[in-house]
Every structure is written in C-alpha cells, then in structure tokens.
Amino acid sequence: MTQTAEAIVLGAGIVGTACALELARSGLRVTIVDDGVVGGGATAAGMGHVTVMDDSEPQFALTRYSQQLWHTIRNDAATPLPGEAEWLPCGTIWVAADDDEMAEVHRKHAFYSARAVSTITLDSQQLAQAEPNLRGGLAGGLLVLEDVVIYPPVVAAWMLKQCEMLSAAFVRQRATAFCESGDHAEVTLADGSILSADCVIHATGTWTPLLLPSIPVHPRKGHLLITERYAGFLRHQLVELGYLKSAASAGGDSVAFNAQPRATGQILIGSSRQYGATDSAVEPQMLARMLRRAEEFMPEIGKLQGVRAWTGFRASTPDKLPLIGLAPGYRNVYLATGHEGLGITTATGTAKLIADHILGRTSAIPAAPYQPSRYTPANDNARDGGTA
C-alpha cells in the first residue's frame, strides 16, 4: 500500500524532527520515519551544547543563525519548551592554558565582536573567580555569553509532538530502500509498504550511506561521562582551546577537556574523538585518557562520583561542514546530515535551509557552502537509491 505525503523525513533525531517541524509549520503534509527511539542515536549521546563556532565563515554563519533560532524557540510563549528540556543559559568559557592560547582568545573576541556576538575576555584572576575549581596558573579565557545547554532527547520528542499537533504522521519503521519516480520519491519500509512524497529528507546521521552509499559521511566515535549531582561545582560550559585542534584532526584518536554543568546539578565530562572505531562499547583506556585530561584542568573533578559513561557516533564529512540540500544526482531527495559535533546547535538552521530550498524561499544565510553538490557521487547507480 502506498501512503502519500508532501515530505518524508527519514530520522527522528533532533535534526530530523527540526526539519519536520519547520516543514509542517510551513503548511506541508509531513511523515517522519524512524524505527528507533525518538531523539535516540547521536541526539541522545550528545552534550546538548548550543554554541557559536568560528573555524570558518560558513561554520560561524550556520552556528550563529541556528543559535539565534534556538533563542527564538525559547522565547516563544505560544509553544514553550518543557521544563524537562533543561534550558540552561550558562555561557561557554574557552579556557586558555598559556600565552599562545590567550592570543587565540583575543582573536576570537575580535572575530565575535565584529559580528555582534557578546563575549568577555577573562584574565587569569577573572577566570579563577568565574570557575574556582579550575587549576591555578591558567592564562585566562573567553566567555561567550549567549551559549546555552539543553537536553536534546526531550527537545526532539517535543518537536515531534509539535509536528503531530500539525497533523504530521510518525511511522515507526525502518526505511530499507528508496527511489525517484517522476516528480516523486518513494520510500520502501521494512514491512514492504511504500511511502510516496514530493520530496524525501535524509536526516539519519551516520546511517546516511546505508541508503546513499556515495555520500561521504563517516562515523566518529566519542565518549562521555556524567557524575552525581554537585551543585555549584561548575558554573559554565568549559572547553579548552586545544579542543579546536582535536575537533579539526583528520584522523587518529584524540581527547580534550570539555565539561558541562547540567540543570540537575550533574557534570557532563568529555570529550574524545576516534576515526575508524565502529564498536559502541565504552573503551576503558580512552575513557581514562579523557578523564585524565579533565583533571589537568580541574584537579578536583577526579574526586566526583561518576554514574554512567557512554559512547556515540558523530556524522562527519571530509571538510567538516554538514550536507544540507539536494543530494547529488537527485531532483527531490535532500540531505540534512554530516554535522559532526554540532548537530544539536545547527538543527534549527538546517531545518530552515531545507525548508527554504523546498519552498523556494530566500535563506537568511548563504546556503551554498553546505550544498551536497560539492561532492560528486562515486557512481551513477546511486541515483536508484540503495538498500539498508
């Protein structure tokens, strides 16, 4: 049996539900397809850090635009986020260990100030006052005031609920194949049924190559650990400036200090990055290495009681920018994937860009840097879709 919609979104993580909600609010009939837990996968595994990044102008444009959209969602009294979303406006402090990294603090401050992002440069003493549990001798830091923390699985579930209130359908099944037929796209489900729509949006993260094997999205494993409740121990999201080098590394295993306060009083500790690792099991050696790095910045953090550690897989691309737009070689198949560690932040901006393209609207930021067409399909057979 063929069911019809105007848009089918594959994936009910935060990127998929954000895309579905934007399309539904724009008046389209939407069907969301996912056989897993809503807000599961990378959404459930991530830190929920909504942050502005400046590794490149396109990255800044998308993260800043997305962050502003998050604040709009937060301030919308008509459809408020639930308290369980744990919105925490803690800001981010990029921690500088030495004078060289303080030079990077000043560069970032100038970059952000020129683009109307509110930041404060902290010297060594001000940093110690802002975060007393940091070790002494650090050079300073940059406080980015508008960065926030959310609890992504709850937000994804809330977005799905908003979609359903707008008559969107949720199909709890696995998509096994798809193809284009005339001006439509058809998605085959595990039970053999077929969904037909004007367009299909792939928002399945690291699973994207299962149906589109030519798309250069690869998993990058990460570890996180959460502690018991220690109210007041940590006040801001803390990230070492060395994290930028870790995130930009093209290969190999790396760790960096990244600690996040939660609204519950717990502390979420990261982060690690591994290419080529496909086993989701927690690796004690990698976890220990990550925690040792955290102790180098916050010696007392090693005395806190951890309650759970887990892993997740970031969907990465070769150039560190997401794939947002028409899939190469297709007329009505879109990609919303490859966000690496910024999927939570950029879900809102991604949704706007996808909807803008589908509906013929002018986007608030240039869409070209994220177009999947910058990659050429490995072979022409990709046009016929694939099987999982």
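The values are calculated or read from the model by the stated rules, or taken from the named source; none is laboratory data. Bear in mind that the values here come from a model prediction, so they are computed numbers and not experimental data. All Cβ positions, glycine included, derive from the backbone under ideal geometry; neighbour counts span all protein chains shown. Accessible surface areas use protein heavy atoms only, side chains included; no ligands, DNA or RNA. Shrake-Rupley method; radii C 1.70, N 1.55, O 1.52, S 1.80 Å.
A few remarks follow.
- Lone unmet requirement of (1) in contact with an Asp or Glu (Cβ under 6 Å, 6 or more places away or on another chain); (2) over 30 Å from LEU195 (Cβ atoms) for ARG314: (2)
- In this entry, ALA110 passes the filter for residues that are without any contact (Cβ under 8 Å) to a residue 60 or more places away in the chain and open to solvent by less than 70 Å² (accessible area, probe 1.4 Å).
- For the range 36-55, the criterion of being out of contact with any Cys (no Cβ under 9 Å at 6 or more places or on another chain), at pLDDT 95 or above, surrounded by fewer than 15 Cβ atoms within 10 Å (Cβ to Cβ) and not aliphatic (A, V, I, L, M) is met by no residue.
- Of all residues in the range 244-269, those being at pLDDT 90 or above and touching a Gly at 6+ places or on another chain (Cβ under 7 Å) number 2.
- Among (1) more than 27 Å from GLU295 (Cα to Cα); (2) open to solvent by less than 60 Å² (accessible area, probe 1.4 Å), the one test that GLY141 misses: (1)
- For THR63: the one exception among (1) within 24 Å of ALA169 (Cα to Cα); (2) in contact with a Ser or Thr (Cβ under 6 Å, 6 or more places away or on another chain); (3) part of a helix (DSSP H, G or I): (1)
- Annotation: ALA116 fulfils all but one of (1) out of contact with any strand residue (DSSP E or B) (no Cβ under 8 Å at 6 or more places or on another chain); (2) at negative phi; (3) at pLDDT 95 or above; the unmet one is (2).
- Residue check for SER193: open to solvent by less than 40 Å² (accessible area, probe 1.4 Å) and among the polar types (S, T, N, Q): yes
- Selected residue [within 25 Å of LEU224 (Cα to Cα) and either open to solvent by 40 Å² or more (accessible area, probe 1.4 Å) or in a loop (DSSP other than H, G, I, E, B) (or both)] from GLU84, GLU6, GLU104: GLU84
- The range 87-101, subset within 19 Å of ALA130 (Cα to Cα) and either assigned to a loop (DSSP other than H, G, I, E, B) or free of Cβ contacts under 8 Å to residues at least 24 places away in the same chain (or both), residue most open to solvent (accessible area, probe 1.4 Å): PRO89
- Residue match in the range 286-294 (condition: open to solvent by 60 Å² or more (accessible area, probe 1.4 Å) and either out of contact with any Phe, Trp or Tyr (no Cβ under 8 Å at 6 or more places or on another chain) or among the aromatic types (Phe, Trp, Tyr) (or both)): yes
- Going through (1) at pLDDT below 95; (2) surrounded by 13 or more Cβ atoms within 10 Å (Cβ to Cβ); (3) farther than 29 Å from ALA103 by Cβ one by one, THR278 falls short only on (2).
- Residues in the range 68-81 that are open to solvent by 30 Å² or more (accessible area, probe 1.4 Å), of a type outside the set (Gly, Ala, Ser) and not in a helix (DSSP H, G or I): ASN75, ASP76, THR79, PRO80.
- Subset of the range 328-363 (residues that are open to solvent by 10 Å² or more (accessible area, probe 1.4 Å) and under 9 Å from the mean Cα position of the chain (by Cα)): HIS339, GLU340, GLY341, LEU342, GLY343, ILE344
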